[in-house]
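Colleague: Handing you a structure now.
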Ligand SMILES: Cc1cc2nc3c(=O)[nH]c(=O)nc-3n(C[C@H](O)[C@H](O)[C@H](O)COP(=O)(O)OP(=O)(O)OC[C@H]3O[C@@H](n4cnc5c(N)ncnc54)[C@H](O)[C@@H]3O)c2cc1C
């Protein structure tokens, strides 16, 4: 599709978040919605996600987002005509110190209030779920059997396909280079293919969110941080299904992908980049050390490749969602860190409600875009939380 001259809503970014917003707007009957994607749909940081979905979050808002995502994924094939590869095989957190366990217990009490199936289990119980685990240095594990995995590419394509079928436009290979603001209101965007007049513009630019915010004169506290995932050659010695398993102390996590094993060191690194993500093969040593400690038999596997992606983090590890302060018609749907894929179904629905109804049906003050000042920096807050993906 070519770029239109006018639109009712312009969405900058064709990742899982932008495509979910487009789908939800189109489903509600909004016409002339257009997504502008500088590369191809789903090629941004969405293509780097591990596909994990968990209801184990520390706040009511995020727990409710996760439960809604789980519901959407269960019915995804019917609603979108695309199999999302959803496997409800659980999430397992391994805990080796008392302070961390207390933190988990507080969160579990909240999660249970919303009907989440999550429990503290013994190290031996964890070993019954993943027999290859080394557990002698653990004091407990936390098991969420209703959590699981799905394919980020499949889910994004599902949103994009239904959005198009319902009339939304998705233009690939076009970069937004300016956002026109006059009298405190958004008037449209300029791109590498011309101008689009629009009263509503949504920033769904993932790790590039701060750069896109600046185009409208809005400071957006999103800080891209690199994370690696390596994968083995087929390794049937680790039989499936294997839940996404995170070693809370070392941040190492792993899961199976068909017969291969995905291994991440859980790194969080500022590489001074929000677009290009080179791999650092030196991270492989750290990954293998952490992996062999927790999963001794992995020593026999061969590493076959890896990738790196940017997680769009915020100072308090919560997303930024809602109208941008100071510019009417400019919305932010950014800063999803390691959970943007799993929270995309509800994000799309909430942004659509905001645009079409004037406010969302849920209290989203947790994600208030005005909560950070211009000088916001990324501290260590996110490091105390279960950093699973
Ligand atoms: C290693 C790794 C593992 C992860 N694992 C998980 C996981 O298990 N579960 C989970 O929920 N999340 C996970 N995540 C996080 C998840 O990938 C992100 O939170 C999510 O993909 C963000 O989606 P998005 O649509 O906001 O961003 P993106 O997918 O990056 O989409 C933004 C799009 O905007 C486009 N864009 C930017 N600027 C412009 C412009 N000026 N004009 C036009 N287009 C523009 C980009 O090309 C891009 O395609 C992981 C991330 C990484 C790096």
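Please treat every number below as a calculation from the coordinates, not as lab data. Quick caveat: nothing in here was measured; it's all calculated off a predicted structure. Cβ: placed from backbone, ideal geometry, glycine included. Neighbour counts: every protein chain shown.
Colleague: With respect to residue 370, is the statement that it is more than 15 Å from the ligand (Cβ to nearest atom) and surrounded by 19 or more Cβ atoms within 10 Å (Cβ to Cβ) true?
Modeller: no
Colleague: Restricting attention to segment 345-367, and to residues there that are in a loop (DSSP other than H, G, I, E, B) and under 22 Å from residue 30 (Cα atoms), which single residue is farthest from the ligand (Cβ to nearest atom)?
Modeller: Step one: of segment 345-367, the residues in a loop (DSSP other than H, G, I, E, B) are 358-364.
Of the ones still in play, those that are also under 22 Å from residue 30 (Cα atoms) are 358-362.
Numbers: 358: 24, 359: 22, 360: 18, 361: 22, 362: 19 Å.
Ranking the candidates gives 358 first.
Colleague: Go through (1) within 30 Å of residue 247 (Cβ to Cβ); (2) buried (at least 19 other Cβ atoms within 10 Å of the Cβ) one by one and return the number of the condition residue 202 breaks.
Modeller: Single failed check for residue 202: (1).
Colleague: Mind listing whichever residues of segment 308-319 are more than 11 Å from the ligand (Cβ to nearest atom) and touching a helix residue (DSSP H, G or I) at 6+ places or on another chain (Cβ under 6 Å)?
Modeller: Within segment 308-319, 316, 317, 318 qualify.
Colleague: Can you find, within segment 129-165, the residue that is nearest to the ligand (Cβ to nearest atom) among those that are within 25 Å of residue 45 (Cα to Cα) and part of a strand (DSSP E or B)?
Modeller: Going through the qualifying residues, I end up with 149.
Colleague: Look through segment 182-213, keep the residues that are in a helix (DSSP H, G or I) and within 9 Å of the ligand (Cβ to nearest atom), and return whichever of them is nearest to the chain's Cα centre (by Cα).
Modeller: That would be 206.
Colleague: Inside segment 212-263, can you point out the residues that are touching a helix residue (DSSP H, G or I) at 6+ places or on another chain (Cβ under 7 Å) and within 29 Å of residue 372 (Cβ to Cβ)?
Modeller: Of everything in segment 212-263, those that are touching a helix residue (DSSP H, G or I) at 6+ places or on another chain (Cβ under 7 Å) and within 29 Å of residue 372 (Cβ to Cβ) turn out to be 219, 220, 222, 224, 228, 248.
Colleague: Just the residues that are part of a strand (DSSP E or B) and more than 8 Å from the ligand (Cβ to nearest atom), please, taken from segment 166-181.
Modeller: Answer for segment 166-181, where residues must be part of a strand (DSSP E or B) and more than 8 Å from the ligand (Cβ to nearest atom): 169, 170, 171, 172, 178, 179, 180, 181.
Let's see how each residue does on (1) buried (at least 17 other Cβ atoms within 10 Å of the Cβ); (2) free of Cβ contacts under 8 Å to residues at least 60 places away in the same chain:
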position: 65; (1), (2): yes, no
position: 70; (1), (2): yes, no
position: 76; (1), (2): yes, no
position: 81; (1), (2): no, no
position: 104; (1), (2): yes, no
position: 139; (1), (2): no, yes
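Colleague: Looking at the structure I just gave you, is residue 342 closer than 19 Å to residue 50 by Cα and either within 12 Å of the ligand (Cβ to nearest atom) or in a loop (DSSP other than H, G, I, E, B) (or both)?
Modeller: On the way: closer than 19 Å to residue 50 by Cα: yes; either within 12 Å of the ligand (Cβ to nearest atom) or in a loop (DSSP other than H, G, I, E, B) (or both): yes.
For residue 342, the condition - closer than 19 Å to residue 50 by Cα and either within 12 Å of the ligand (Cβ to nearest atom) or in a loop (DSSP other than H, G, I, E, B) (or both) - is met.
Colleague: Let me ask another. Can you name every residue in segment 320-339 that is surrounded by fewer than 23 Cβ atoms within 10 Å (Cβ to Cβ), in contact with a helix residue (DSSP H, G or I) (Cβ under 6 Å, 6 or more places away or on another chain) and in a loop (DSSP other than H, G, I, E, B)?
Modeller: 325
Colleague: Would you tally the residues in segment 250-287 being farther than 18 Å from residue 90 by Cα, more than 19 Å from the chain's Cα centre (by Cα) and loosely packed, with under 13 Cβ neighbours inside 10 Å?
Modeller: Count: 5.
Colleague: Quick check on segment 18-44: of everything there that is within 7 Å of the ligand (Cβ to nearest atom) and within 21 Å of residue 178 (Cα to Cα), which residue is surrounded by the fewest Cβ atoms within 10 Å (Cβ to Cβ)? Steps first, answer last, please.
Modeller: Taking segment 18-44 and keeping what is within 7 Å of the ligand (Cβ to nearest atom), we get 18, 36-39, 42-44.
Of the ones still in play, those that are also within 21 Å of residue 178 (Cα to Cα) are 18, 36-39, 44.
Details: 18: 34, 36: 28, 37: 26, 38: 21, 39: 15, 44: 27.
Per the stated criteria, the residue is 39.
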